[in-house]
1. Return the tail of the calculated pair distribution for segment 1-71, meaning the percent of Cα-Cα pairs more than 13 Å apart.
2. With point charges of +1 on the Cβ of Lys and Arg and -1 on the Cβ of Asp and Glu, referenced to the Cα centre of the chain, which listed residue (V715, Q12, S243) lies farthest in the positive direction of the dipole?
3. If you roll a 1.4 angstrom probe over the protein chains with everything in place, what fraction of the accessible area of segment 91-134 belongs to carbon and sulfur, to the nearest %?
4. What is the packing order of peptides 71-84, 234-247, 39-52, 461-474, taking the mean over residues of other C-beta atoms within 10 Å and listing the highest first?
5. Return the subset of K233/K297; K62/K254; K33/K254; K254/K342; K62/K639 for which the Cα-Cα distance in this structure is over 29 Å, preserving the input order.
6. Express in nm, to one decimal, how much length is gained between N346 and M474 on full extension, taking 0.36 nm for each residue of separation and deducting their alpha carbon distance.
7. Using a ≥ b ≥ c from the Cα gyration tensor of segment 129-168 (square roots of the eigenvalues), is it rounded, prolate or oblate, where a/c under 1.5 gives rounded and otherwise the larger of a/b and b/c decides, a/b for prolate?
8. Go through 267-278, 584-595 and give me the packing order, highest mean Cβ count within 10 Å leading.
Amino acid sequence: MSLDLSSLNSAQKVAVENLEGPCLIIAGAGSGKTRVLTYKIARLIDSGVSPYEILALTFTNKAAKEMKQRVGALVDGAAADKIWIGTFHSMFARILRMEADKIGFTRDYTIYDSDDSLRVLRGIMSDNDVSPDRIKPKSIQSAISHLKNRFILPQDYAKESKSFFEKTVSDIYSAYAERLCKCNSMDFDDLLINPLILFDRNPGVLEKYRNRFKFLLVDEYQDTNRAQYEIIKLLAAKFRNISVVGDDAQSIYKWRGAEIQNIFDFETDYPEHKIFRLEQNYRSTKKIIDFAGIVIKKNSIQIKKVLWTDNAHGEKIIIMETLTDKEESSKIARYISGEIHKRKINFKDIAVLYRTNAQSRALEESLRHNGIPYIIIGGTRFYERKEIKDVISHLRVIVNSADDESMTRVLLLKEKVGRTTLEKLQRYASEKNIPLFETLINLDEVKIATGKTRNILSAVSNLIYKFRYLKDEMHLPELIRAIIDEVGLVRELKLENTAESDERINNINELISAVAQFADIAEEPTIESFLQQVSLVTDIDQLDDKKNAVTLMTIHASKGLEFPVVFIAGLEDGLFPVTGALNSMEEMEEERRLFYVAITRAMDMLYISFANQRYRFGTRMFQVKSRFLKEIEDDIRRKKLVSFDNFKHADKHSEKKLYPGEKPSSLQVIRYEYFDEEKNSGKSRKPDSGGNFADIVKGKGVYHDRFGKGVVISVSGKGMEKKAEILFTDFGLKKIMLKYAKMNVDI
């Protein structure tokens, strides 16, 4: 029976039916790209292609899971299970599990998360006398990650390093690569770098996977980095049956190595390609789509497309101007309550998005004060909590005894294994060039004298040897319970008898539940496969659709999600767009794409807010409304897309106006800035006969040659040093030295 494509629109259907050769699918926000990918996979199988010959790559576990479920609903479930569908990292980690021995690792290698990686780097910096006060370990970590994403190896970077920082990074990068190999471990970025090394050193292995994966499908192609791009290009080179789906308007991950140029270069890389455009949006109202279109058209570099929808016109977007970040958060909380009652929706149908994690604090306070339940995506991940990492470290050492970082954590859990003992063990391991674990069977040579300490160390080695044997004999959930019991973590937490220890016990029990759930659905329910899944968990995988709570998250984390009601907070220059983008067109266009992504998460209702004052870096700062809002004001007014909620219309519970005599326009923003016209030519203002500019007083109207009409807010200083804070109608608040001011009192 042939696959029924009647539910697809005409553009989707044409893209799905194009099975062979290079295919570029430009998919606008909410246009059904996942639907197209899943139907295309199902169509390949329906046309006789073996599931074994299909590789589909995504960027999130959530997207991969959804795709696999949808394919399973369209074709035989057994066939769907044979397709390799997953994230780049999970799919190539799978290949490395089978091939790692060809590049100096074993198949039981450990995957280090960001914290593990940072600990290794700190150790290397200490060994090389690099002070963390002079160069931050996270700066080194970020630099190395950026190099790996661009597929620049240590030996290549060493040749181009010039500055002190670059040479330091180069030395540490080389030592870091050696340390990881010695520990039989890879970091997250290595899961992309090492397949390239594998294919380069072993042409036969590359040929094997080229012949196996005759059809490649790639989601979110605009977010690929250099390493991902090279892997795809290598695998697709023989049969060239590659379909990529993406939207340049949603390329927002440059900061982590994504190269938007990859999607622009597809036509050059594959001259015989066909291009398809998915422009019908199924998610949002017409007003939201029109608003998004007005925003993104300001970008100069983009692939031509016009997003449209048959959905209802919908309600106007509300732009909220508030006095402070506290009032902004309070208003958001009140609007959330209003939306719940008005639309009869659940809390989980609402999301609050922001540019930086730091913005969540004020929002959390207001939501708690108003009794609104919420969850934060991007906070401390479950698998990064101390008690969970303590268990995971034991599992890692049982699987991979060369993992010195995990072994160190295991030893430090034992109260009698102090730093001095650990240093002796580490020194001996370094001298003999052996893993830290192996020192536990050479305690005489290490010169561990205390009998109690020797007994503890022997108990650790016995536990690891015991469960290394049992891991292949016991059912996975039983094995985890046995390890936790023998290590004694829960026993020790019960003895603490505090609210915090009770919470940690609950987390350990949740881990056991996670293992049991994994064992029920995994193809290979082993410690190794569980650890791999844990290492590849992303922020978005924390989203619990069953929990009825408002979702707080950064805009970056919201990619791929949708909510009936969305709030975007903090539309202020220096915050969104961030300060670093203000002097770079390339960075500014990425920030604008980020705004576009935020807007298109909303289905029915969108709120956008900004504050005139915000606490940043511990200081109350005057803010300027985002240029993204300023540059579209004429268009949104003309199309009547927006309603303005200005602080002068705030209810009686809101804060009072900031300044006496202030008359802000409906979109007035306040800017605090010292302005000195000394270097400017032109006639400057002279003091009166008393030498004190007596006509410039609080509340007085003025007219400035450059800034136009304004109101004096305050004055300070005397004579020629007298200054005034003036709130200008079009330029906000400025602090001006009166002796240089070219202005008159507004009669």
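1. Numbers: 1657 of 2485 pairs.
So the portion of pairs separated by more than 13 Å is 67 percent.
2. Ranked along the dipole, the leading option is V715.
3. Numbers: 880 of 2050 Å².
The nonpolar share, carbon plus sulfur, comes to 43 percent.
4. Numbers: 71-84: 16.4, 234-247: 20.9, 39-52: 19.0, 461-474: 14.7.
With the highest mean Cβ count within 10 Å placed first, the list reads 234-247, 39-52, 71-84, 461-474.
5. K233/K297; K254/K342; K62/K639
6. Difference between extended and current length: 41.8 nm.
7. On the way: a/c = 2.79, a/b = 1.46, b/c = 1.91.
It is oblate, given that a/c is not under 1.5 and a/b is not larger than b/c.
8. On the way: 267-278: 14.6, 584-595: 19.2.
In decreasing order of mean packing, 267-278, 584-595 become 584-595, 267-278.
The values are calculated or read from the model by the stated rules, or taken from the named source; none is laboratory data. Not measured: the values here are computed from a predicted model. Counting neighbours? That spans all protein chains shown, and the Cβs are built from the backbone with ideal geometry, glycine included. For the accessible areas, the whole protein counts, side chains as well, though only heavy atoms, and no ligand, DNA or RNA atoms are used. Shrake-Rupley method; radii C 1.70, N 1.55, O 1.52, S 1.80 Å.
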